[in-house]
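Written out below as structure tokens is the structure these notes cover.
The values are calculated or read from the model by the stated rules, or taken from the named source; none is laboratory data. As the structure is a prediction and not an experimental result, all values here were calculated from the model. Using ideal geometry, Cβ is built from the backbone for each residue, glycine included, and neighbour counts are taken over all protein chains shown. Ligands, DNA and RNA are stripped out before the accessible areas are found, and what is left, the full protein with its side chains, is counted by its heavy atoms. Shrake-Rupley method; radii C 1.70, N 1.55, O 1.52, S 1.80 Å.
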Amino acid sequence: MRTLDLNILIREFVFEEMTEADRQLLEQAKQATDNAYAKYSNFYVGAAALLDDGSVVIGSNQENAAFPSGLCAERSAIFAAQSHYPTKSVNTLAIAARNENGFLSNPISPCGACRQVMLEIEERYKHPVRILLYGTSRVFEISSVKDLLPLSFVDAHMHE
């Protein structure tokens, strides 16, 4: 028997320590929460995808009474980016969330479905997607989706 030791690097910042470009991207993710349709959960999530040409595409969660017909902010932003800019890779994805009390103190992490979609974007473009998770008390920076989804399933595994 062997034991695998998986190491995941997550950097923690306060908002003011981020670069100006990262702060602007996080602000766009925060603003995207205003576009959320969260009638049922009252949990508003925004995402801002920075593409390799400097374009930014935003997304927000969209709920539906016929659960699970809604869509998370992360996938909303990624699918919009891929629809409008299919040749552009996503360099960074910033995510922010708020509820009726305001923005959350601690960052939230993407759900499993969003992680899988984000991983597919890394695989498609052969380029890591950097992730910024916003909280009012701290921001997490993750250099690749693979750090959020260790032992992940990708297309190459089907062809081994």
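Some notes on this structure:
- Residue in the stretch 65-78 that is part of a strand (DSSP E or B), touching a Lys or Arg at 6+ places or on another chain (Cβ under 8 Å) and farther than 20 Å from Asp22 by Cα present: no
- Any hit, the stretch 3-22, residues being closer than 17 Å to Ala113 by Cα, open to solvent by less than 60 Å² (accessible area, probe 1.4 Å) and in a strand (DSSP E or B): no
- Any pair with Cβ under 7 angstrom, 6 or more apart, that starts in the stretch 102-117 at a residue that is within 15 Å of Ala73 (Cβ to Cβ) and ends at one that is part of a strand (DSSP E or B) and aromatic (Phe, Trp, Tyr): Pro107/Tyr134; Pro107/Phe140
- The stretch 98-123: number of residues that are in a loop (DSSP other than H, G, I, E, B), open to solvent by less than 50 Å² (accessible area, probe 1.4 Å) and either in contact with a Ser or Thr (Cβ under 7 Å, 6 or more places away or on another chain) or more than 15 Å from Asp147 (Cβ to Cβ) (or both): 2
- Flag: Lys126 matches the condition of being open to solvent by 40 Å² or more (accessible area, probe 1.4 Å), on the phi > 0 side of the Ramachandran plot, among the basic types (Lys, Arg) and over 12 Å from the mean Cα position of the chain (by Cα).
- Within the stretch 42-65, being over 14 Å from the mean Cα position of the chain (by Cα), open to solvent by 60 Å² or more (accessible area, probe 1.4 Å), at negative phi and at pLDDT 95 or above holds for Phe43, Asp52, Asp53, Gln62.
- Every listed requirement among (1) under 22 Å from Ile121 (Cα atoms); (2) open to solvent by 30 Å² or more (accessible area, probe 1.4 Å) is met by Pro68 save one, (1).
- Residue within the stretch 38-52 that is closer than 18 Å to Cys114 by Cα, part of a loop (DSSP other than H, G, I, E, B) and among the aliphatic types (A, V, I, L, M) present: yes
- Criterion (out of contact with any helix residue (DSSP H, G or I) (no Cβ under 8 Å at 6 or more places or on another chain) and among the charged types (D, E, K, R)) met by exactly one of Lys88, Lys126: Lys126
- For the stretch 91-129, a residue qualifies if it is in contact with an Asp or Glu (Cβ under 9 Å, 6 or more places away or on another chain) and of a type in the set (Val, Ile, Thr), and the qualifying residues are Thr92, Ile95, Val117, Val129.
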